[in-house]
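See structure below.
Please treat every number below as a calculation from the coordinates, not as lab data. This one's a predicted model, so the numbers in the text were calculated from it and none came from an experiment. Ideal geometry is used to build each Cβ from the backbone, glycine not excepted, and the neighbour counts take in all protein chains shown.
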Amino acid sequence: MKTTLPLALGIFCVAGVALAADRVAPAGKPAADAAAAPKLPARSTIDWEKMTVAQRKKYMKATVLPEMKKLYVGFDKKYKNMTCMTCHGSKAVENKYQMPNPELPKLPGATDRQGFMALAQKKPDAVKFMGTQVKPAIVALLNLQEWSPATPKGFACYGCHTTAEGAPAAAPAAPKAAGGGW
Ligand code: HEC
Ligand code: HEC
């Protein structure tokens, strides 16, 4: 597991970058903002791990939501009314804002390389947006470490999304890995 997991995600990252490179300025989009390269938020200096839930909530409200909303609206205007629930789900309060959120679209399991490639083909723009904007932005805003083969405990897509049930390559160990902050 220790070898296959990083491999699958590593390859997926490469795919994300390749997708990013070939579509910097989408052709048929008239919106002025859409053509400009999105500006990702600067890395904050907070110590997320040490913050209380109350402090986290405040920071989410004052900084994370407004910054992330800018990016989401740049991707698709339908997010102009983005709220905490867009990420945390309709049961955000009951669930005490725990992530990942099972209401978000399910992703392939961490070892399901083919599943990720298929997803990237089916939804290239969304996957590119998630991988090149959403993930790095939340990592910067929370001052976390991003997942990489060298930082296997880092923040990944699974910090927000859960996996599809019965993802073929997800070994019995996968749920544990997902719960560990992937
Ligand atoms: C762009 C997605 C996104 C949005 C929007 C968002 N959050 Fe979060 N939030 C996260 C992620 C991701 C985490 C978990 C970070 C981690 O791995 O520890 C989190 C964690 C939290 C936590 C900490 C939970 C705990 O157990 O410590 C609280 C509280 C929280 N969010 C509240 C809010 C509130 C309130 C809003 C709206 C003002 C909001 N969030 C908007 C992504 C988001
Ligand atoms: C900070 C939390 C967060 C992270 C990290 C994240 N996502 Fe998402 N993702 C979301 C939210 C929020 C949506 C929008 C859900 C909606 O529209 O209701 C979403 C939507 C999606 C969609 C569906 C898009 C569509 O239009 O159908 C895909 C596919 C996706 N994410 C893939 C990924 C992948 C792959 C990664 C890792 C590279 C990732 N996400 C990382 C929060 C996140």
Item to check | Amide H contacts of residue 163 (H built 1.01 Å from N, under 5 Å, at least 5 apart or other chain) | outcome: 107
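With 25 Å as the limit, write out which pairs from 61/122; 57/80; 78/128 have Cα-Cα distances beyond it, or answer none. Provide the component values of the computation, followed by the final result.
On the way: 61/122 33 Å; 57/80 21 Å; 78/128 18 Å.
Violating the 25 Å limit, Cα to Cα: 61/122.
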Item to check | For residue 148, residues with placed amide H under 5 Å, excluding near neighbours | outcome: 154
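Using mean Cβ contacts within 10 Å as the protection proxy, how do 104-111, 118-125 order, highest first? Write out the running numbers ahead of the final one.
Numbers: 104-111: 20.2, 118-125: 13.9.
So the peptides 104-111, 118-125, ranked by packing, come out 104-111, 118-125.
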Checklist entry - Residue-wise, which Karplus ³J(HN,Hα) couplings in Hz belong to segment 143-149, taking 6.51 cos²θ - 1.76 cosθ + 1.60, θ = phi - 60°, and x for glycine or proline? => result 6, 9, 9, 7, 4, 7, x
Item to check | Per-residue ³J(HN,Hα) for segment 122-138, Karplus 6.51 cos²θ - 1.76 cosθ + 1.60, θ = phi - 60°, Hz, x for Gly and Pro | outcome: 6, 10, x, 5, 5, 5, 5, 4, 5, x, 9, 10, 4, 5, x, 5, 5
Item to check | residue 51 long-range amide H proximity, modeled H, under 5 Å | outcome: none
Checklist entry - Under a point spin-label approximation (7 Å from Cα along Cα-to-Cβ), what is the residue 52-residue 117 distance to one decimal in nm? => result 5.0 nm
Item to check | Ranked 75, 116, criterion: other C-beta atoms within 10 Å, fewest first | outcome: 75, 116
Next on the checklist: Could you derive backbone 3J(HN,Hα) for segment 99-104 from the dihedral phi with the Karplus parameters 6.51, -1.76 and 1.60 (θ = phi - 60°), listing whole Hz in sequence and x where the residue is Gly or Pro?
Outcome noted: 10, x, 9, x, 7, 6
Checklist entry - Tell me, in nm to one decimal, what length is gained between residue 96 and residue 69 on full extension, where the rule is 0.36 nm per residue of separation less the Cα-Cα distance? => result 7.6 nm
Next on the checklist: Can you compute the FRET efficiency between residue 78 and residue 45 using 1/(1 + (r/R0)^6), with r the Cβ-Cβ distance and R0 = 22 Å? Round to the nearest 0.05.
Outcome noted: 0.10
